[in-house]
Structures are given as structure tokens and as C-alpha cells.
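Report on the following structure.
Read the figures in this text as sums done on the coordinates, not as results from a lab. Here the structure is a predicted model, which is why all the values come from computation and not from measurement. As a convention, Cβ positions derive from the backbone with ideal geometry for all residues, glycine included, and neighbour counts pool all protein chains shown.
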């Protein structure tokens, strides 16, 4: 495995989205467009887009040996993201989800039962090697939610060790209630994850739902008590709250020219922010890079959008 400046750990999935009708009798059959998505893959995509070519990026996951797993690998490699940290699990497949529309409201249906990514932490020796040689490691609450209890313990233990070795370990709780067996489990696991991280980038709305925080400052203060050195609490169109070096500051979001699709906004912010930090930008400037990137992403359809690197870094 080649050394990398950035690697994310998680699940990439096959995405099916509506593409109209076939035009046959009775209006025709539904047509579906296949894509690739996943919160941590989205973040890696934007880190790759912002980082210069000499800074390698990689994705840590597990896939099967089927054709769709091969397509996912191909998409990852085509984006310039190394696939040498992807574990192959025979007889498993990628997860899949479909997006349906009710007016302008999007609904998601998931098929994750045979997802290979659920087993990405089942081989501790492989995972230890996959996490080695990476300067900045990133994972999410979704990563933790899909793993077994033993898998979570393995991943968090290895990430704790990597932080002790000097790696930056970054985490976005990305709370999705449907993935957890209960609120108490989610709170306990996510709080434990805070404690292994040097950098945390939660979304205030998620933290309100899970922990009942009344103010964005409460979120930052609670996480700071776990030992995280750098905290960026995202807050939609409102300023994010940045805490670094014991100093708190609000960084205004950039107003987008238009809002088309908010999918991937938080993931793109995290990827661009971490890329800027890897490049040596100060936290406040990195937050501005994250805001500029997110503003461009929500102005286009889909989670993975081409961006102008020089523009977001300006």
C-alpha cells in the first residue's frame, strides 16, 4: 500500500435515482440511473479535488468480487483515489439504495444486508495495515453504525493507536437514527469516537437530535471535554463554530448562487476543510475553503460535483 496524505474509512454504495420513463405503452417503465455514493467516499472525493496531485488519497472499505463491486473500484480509481486499501470479501456485495421523489421530497430505500463494508473491520491485521502510512484518517458515524460491536472496538482501537503515532484522526458523527439499534447505543459509541479523535466536524442539527444541545456552543463544549483538539460545528446556511487552540470563532457560510440539491454539502465541507489543513492552511481559512466548496456543491445535482480547485482555494 502506498503512503497517503488522506484516507477515509466507510461504505460506498450503488445509488439508483429516477431517470424518467421508457416511453412505452401506459407511460412506459421507470428508468433508473446508476451512480456511486456514500458519505465518506464523498468526503474523499472532495479532498482529492482540493489537494494537489502529489498528496495521495485512498479509500478504506470492503467490496465483493461481483461486477458491481468492480464498477465501484473503477469509479474510485478513475477519481484519482487509491483502491489498494479495499478489502475483498467473497460472497458479499456492495450496499444499494434507491431515491424516489414525492413532489420535491426525496425518499431513500436501502438494501444493506449483504454489504461487504459491514465486515471491513473483521480482519484486524488487514485493517491495521490499511490504516498505516496515512497522515490524516477520516471516518463517520455511519462507518461505526454498520459495523458489529466487535468491529467498532477494533476500528476505534486502531485509530486511537494511529493518533498516538502522530496521525490526524478526523470524525463526522453524521447521525442517522435508522442505522442504530437505539439512541443510547448511538450516544455511547459516538461519544467514545470523539475521544479517539484530534478533529471533529459534527452538524449541529444532528447533535441536537442525539444529545439535546440547545446551542451550538454546547455542542462544541461537550465534544471538547472528550479531548478533541479541533472542532468545527457545521450549521447549514448559518456560520459554523470553529474551536481550535482554545479559541472559538464563528465563520460565515458562503451564500450559494442557487440551491439545487443539498446532498453532500456536509461531506464536501469536511473534505475541503481537511484538504486545506493538510496543505497547511490555518483552521479559519480551511473553514472558508469548506464553505466555498459546499456552496458550489449545492448549486448542482448530485453528491459528487466537479469544482474549480483554484476558485475554492482563493
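Key figures
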read-out: Gain in span if fully extended, residue 215 to residue 84, counting 0.36 nm per residue against the direct Cα distance; value: 43.0 nm
read-out: Radius ratio Rg over Rh of the stretch 74-227, counting only Cα atoms, Kirkwood formula for Rh; value: 0.98
read-out: The chain, helix-only ellipticity at 222 nm - DSSP H runs n ≥ 4, -39,500 (n - 2.57), divided by all residues, nearest 500; value: -11000 deg cm²/dmol
read-out: Residue among 175, 46, 138 with the largest mean-square fluctuation in a Gaussian network model of the chain, springs linking Cα atoms under 10 Å; value: 175
read-out: The chain: most fluctuating residue of 218, 285, 54 per GNM, C-alpha cutoff 10 Å; value: 54
read-out: FRET efficiency estimate (nearest 0.05) - Cβ-Cβ, residue 71 to residue 248, R0 51 angstrom; value: 0.70
read-out: Inverse mean reciprocal Cα-Cα distance (Kirkwood Rh) of the stretch 191-314, Å; value: 14.6 Å
read-out: P(r), alpha carbons of the stretch 1-131 - 5 Å bins starting at zero, rounded %; value: 2, 10, 18, 20, 17, 12, 9, 6, 3, 1, 1, 0
read-out: Residues residue 285 and residue 261, FRET efficiency given R0 of 22 Å [Cβ-Cβ distance, rounded to 0.05]; value: 0.25
read-out: Estimated inter-spin distance, residue 306 and residue 112, nm [label 7 Å along Cα→Cβ]; value: 3.2 nm
